[in-house]
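Trainee: A single structure is presented below for examination.
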Amino acid sequence: MELSITATLALVGVAFFAGLVSSIAGSGGLLTLPALLWAGLPPLSALATNKLQSAMGTLSSVTNFRRHGYLHIAPLVPSLMMAFCGSMLGTLCVQRLSNELLMRAIPLLLVLLGGYFLCAPKMDDRDYPARLSNAQFAATAAFGMGFYGGFFGPASGSILPFLLVFLLGHNLVRATAESKLFVLVINGVSALLFVISGGVVWSLAIAMGIAQIVGARIGSNLVIHRGVGLVQPLIALVTLLVALKLLFYPAA
């Protein structure tokens with residue numbers, strides 16, 4: 001389909017801001033997907049284009065965090081594999097089941113998580129004692145988040161840092177970096193399937209993807225240099241806004 005220059009530039013601007021926000025606090029897809037639908041893309045093309053441009057931004061964040069030493073991939077491999085398997089299973093299940101129950105439950109969960117981050121004592125750059133081993137985390141939280149990402153998806157990037165902090169004891173900056181890698185694996189599966197299916201609007205996906213890369217690089221640099229003083233309140237704010245969005249505009 002043909003979009004006007006104004007609409008295309010607006011979508012590119014949304015993608016830049018989504019990349020910036022998502023690299024810090026997650027949930028950038030809740031900005032770009034409604035924007036693509038507003039621009040008139042059919043739902044399948046909007047989903048396909050959104051997945052691909054979002055994956056480009058997430059890859060930018062992951063690369064930047066790894067370059068600065070905040071990502072140690074080897075200990076995460078079992079969890080990433082379980083997240084991959086969960087994502088595939090969730091994608092298969094969503095084709096057969098209604099997600100109406102999740103639409104009702106997830107906003108309430110996000111309110112609790114956002115309230116936790118908002119009211120929790122100020123975090124620092126230290127790691128804390130883990131409540132689960134890496135293997136236990138892989139079999140439970142990682143698989144569950146992979147399934148959730150494949151089945152439903154909103155706010156995965158905001159929930160994952162909470163799980164990595166609370167269950168593995170990682171500091172918030174490290175958890176933010178690691179959550180981007182999980183999101184890349186989970187969403188990368190969907191992006192690849194959409195590319196194969198031929199639903200991507202390539203010109204738009206590439207333009208938005210470049211904007212996502214720039215926004216994600218700036219956002220990840222802010223996390224690296226500003227640390228938890230920026231991340232903790234922004235995760236709380238974004239999580240609560242996402243919860244309100246899902247409560248009052250679930251289909252938007």
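Quick note: the coordinates plus some simple rules give every number you see, no bench work behind them. None of the values given here were measured: they were computed from a predicted structure. Reconstructed Cβ throughout: ideal geometry from the backbone, glycine too, with neighbour counts over all protein chains shown.
Trainee: Got a sec? How would LEU204, LEU41 order by Cβ neighbour count within 10 Å, fewest to most?
Mentor: Result, fewest neighbours first: LEU41, LEU204.
Trainee: Still on this structure: Please turn the phi angles of region 160-173 into ³J(HN,Hα) values with the Karplus equation 6.51 cos²θ - 1.76 cosθ + 1.60 (θ = phi - 60°), one per residue in order, whole Hz, x for glycine and proline.
Mentor: Going residue by residue, I get 4, x, 4, 5, 5, 6, 6, 9, 9, x, 6, 5, 5, 5 Hz, with x marking Gly and Pro.
Trainee: Fewest first, what order do TYR148, TYR128 take by the number of other Cβ atoms within 10 Å?
Mentor: Lowest count first: TYR128, TYR148.
Trainee: Report the Cα centroid-to-centroid distance between region 170-237 and region 20-74 in angstrom, as an integer.
Mentor: 4 Å
Trainee: Full extension from GLN136 to VAL77: what is 0.36 nm times the residue separation minus their Cα-Cα distance, to one decimal in nm?
Mentor: 19.9 nm
Trainee: I would also like to ask the following. How far apart, in nm, are the 7 Å Cα→Cβ label points at ARG66 and PHE17?
Mentor: 3.1 nm
Trainee: For each of LYS180, LYS51, count neighbouring Cβ atoms within 10 Å of the residue's Cβ, then give the residues from fewest to most.
Mentor: LYS51, LYS180
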